[in-house]
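Beneath this line is the structure, given in structure tokens, with notes to follow.
The values are calculated or read from the model by the stated rules, or taken from the named source; none is laboratory data. Bear in mind the structure is a predicted one, so any value in this text is a computation, not a measurement. When we count neighbours, we look across all protein chains shown, and the Cβ atoms used for this are built from the backbone with ideal geometry, even at glycine.
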Amino acid sequence: MSREQLFAAFFFVVLLFLLHELYRFVLPFAGPLAWAAILALVFFPLANRLTRTFGGRRSIAAGMLVLAITVLAILPSIYLGSLLVRQAAAAYGWLKDALEPGATQALVERLRASRLGGLWHTVAPMAGSLSIDLSDIALRATSWISDQIVGQATAIARNALGTLGRFLLMLVALFFFLRDGDGMARGLRDLIPMERGYKDAIFARFTTTLTAVVQSMVLTAVLQGCLAGLGYALAGLSFALFLAFLTGLASFLPLAGPALIWSSAAVYLALTGHTGAAVFLALWGAGIVSSVDNLIKPLFIGGQARLPTFPLLLAILGGLVVYGFLGVFVGPVILAILLSFLDIYREEYHAEPAVVTPAPAPRDRAASG
């Protein structure tokens with residue numbers, strides 16, 4: 001082995017070791033850092049405009065933008081959070097009372113006597129022949145939902161300090177990403193062993209896709225939550241704000257996530273005898289709330305990011321399974337970068353050679369004559 005080969009082997013072994021150790025250091029904080037990077041990419045054009053406004057002083061522009069994001073995020077969250085906590089506590093109290101043996105039996109009898117009670121008389125004999133106790137299934141399902149609500153509330157309260165620490169870390173990382181993002185991006189781009197045109201195309205598609213996904217997801221969640229909350233209030237439901245929050249949160253799920261919330265509320269209204277309100281909520285949910293998803297997401301994700309629909313659906317579902325809620329944004333970005341690499345592969349290694357049609361041989365004038 002030559003001296004150059006020995007140096008190269010030693011260098012890359014040490015480099016891989018250091019990268020592995022850095023990965024171990026960063027892994028516990030991957031979530032806050034990823035959210036900071038997403039927010040930095042979304043607000044980077046605004047940071048550039050603020051930098052020009054403050055005469056090129058990027059630290060002041062980044063600090064002002066982080067402060068504005070913090071104020072706009074914290075103050076509404078505190079107010080809405082207090083309302084949500086009160087309604088969630090009231091909903092849990094109602095659910096706990098409904099699980100009492102006497103209340104459960106009374107609810108079952110009331111459901112049997114409702115306009116949709118005929119459905120019970122049709123399904124119950126079929127379930128009985130299969131040894132299925134529908135009342136027991138409903139009771140167990142309601143009890144499981146109650147346990148999940150209590151468990152999540154306890155986990156949030158127990159991890160409040162850790163959540164605050166991760167939020168502060170995200171703000172600090174966001175400041176440095178906004179201030180030094182250009183240099184970080186140039187340094188990362190210089191390390192990629194590809195031609196400049198390919199690197200520019202990949203980075204441009206990465207930025208466009210992430211910005212489009214964030215804008216579409218957040219806008220869709222806000223609009224669907226507000227419209228659903230209005231529908232819940234008009235239908236006379238007691239926990240309209242809490243249900244609106246659940247609907248907005250469910251909008252991040254593909255395959256008609258909000259429909260699971262408003263359709264369940266409509267079924268509840270129908271079973272409790274409020275048929276008119278149930279029909280109104282079903283029409284409102286199908287015609288107004290769910291139509292927002294079909295208008296905004298294709299406009300942003302399909303139009304700006306130019307991602308095919310079915311692979312995008314798989315990317316969002318797979319991202320949710322692998323990365324959790326963060327995967328809603330990570331999945332489409334990985335799909336976009338993969339498509340860029342496939343385009344490069346097609347151009348560099350799979351381009352079909354041009355078919356050259358041979359010119360006809362000149363005819364012998366003597367033979368033709």
**Item:** Checking Leu253 against (1) surrounded by fewer than 19 Cβ atoms within 10 Å (Cβ to Cβ); (2) over 23 Å from the mean Cα position of the chain (by Cα), the condition it does not meet
**Value:** (2)
**Request:** Give me a count of the residues in the range 197-238 that are farther than 30 Å from Arg186 by Cα and either of a type in the set (A, V, I, L, M) or in contact with a Pro (Cβ under 6 Å, 6 or more places away or on another chain) (or both).
**Result:** 12
**Request:** Could you look through the range 194-229, keep only residues that are of a type in the set (Gly, Ala, Ser) and buried (at least 18 other Cβ atoms within 10 Å of the Cβ), and pick out the one that is farthest from Trp262 (Cα to Cα)?
**Result:** Ala212
**Asked** Looking at this structure, is Asp136 assigned by TED's automatic domain parsing to the domain that holds Phe43 and modelled with pLDDT under 80?
**Response** yes
**Item:** Condition check for Leu169: farther than 22 Å from Leu342 by Cβ and touching a residue at least 40 places away in the same chain (Cβ under 8 Å)
**Value:** yes
